[in-house]
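Heads up: the structure comes next, in structure tokens.
Derivation of every value follows stated rules applied to the coordinates shown; laboratory data play no part. Note that the coordinates shown come from a computational prediction; the quantities given were computed from them, not determined experimentally. In this analysis, Cβ positions are derived from the backbone assuming ideal geometry, glycine residues included, and neighbour counts consider all displayed protein chains.
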Amino acid sequence: MNVLRKEKNEIEIEFDNLTFPEILRVYLNKDPAVTFAAWKKEHSTKNPVILVKTKGKDAKLAIESAVKAITKDLDKVEEDFKKIK
């Protein structure tokens, strides 16, 4: 993960694979303070970059909230999976 640009209401982060930016995009778009969240990949040889814009909430905090929600959901999936016999 590499932060390319960070402002109060906007952040751009580069990732080394596409899996996490896609999950993060989905969760960020559930947040009413997020006005824009999308990733782009300029070329197949380039890393994906996610751009997040917010209104009334720091962009970094929006990402932190989304990561916490993702972690909580994954913990629930793991817990449910362990119950399977």
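Taking every Cα-Cα distance in the range 2-83 and sorting them into 5 Å bins from zero, the calculated P(r) comes out as 3, 16, 24, 23, 16, 10, 6, 3, 0 percent. Under 16 Å Cα-Cα from Lys8, which lysines qualify once same-chain neighbours fewer than 8 residues away are excluded? Candidates past the 8-residue exclusion: Lys53, Lys55, Lys57, Lys60.
Between Leu18, Ser65, Pro32, the Cα set farthest toward the positive side of the dipole of the range 2-83 (charges on each charged residue's Cβ, about the Cα centre) is that of Pro32. Between Lys40 and Thr71, the contour length at 0.36 nm per residue exceeds the alpha carbon distance by 8.8 nm. Evaluating 6.51 cos²θ - 1.76 cosθ + 1.60 at θ = phi - 60° for every residue in the range 58-69, the Karplus couplings come out as 4, 4, 5, 5, 4, 5, 4, 5, 5, 5, 4, 5 Hz, glycine and proline recorded as x.
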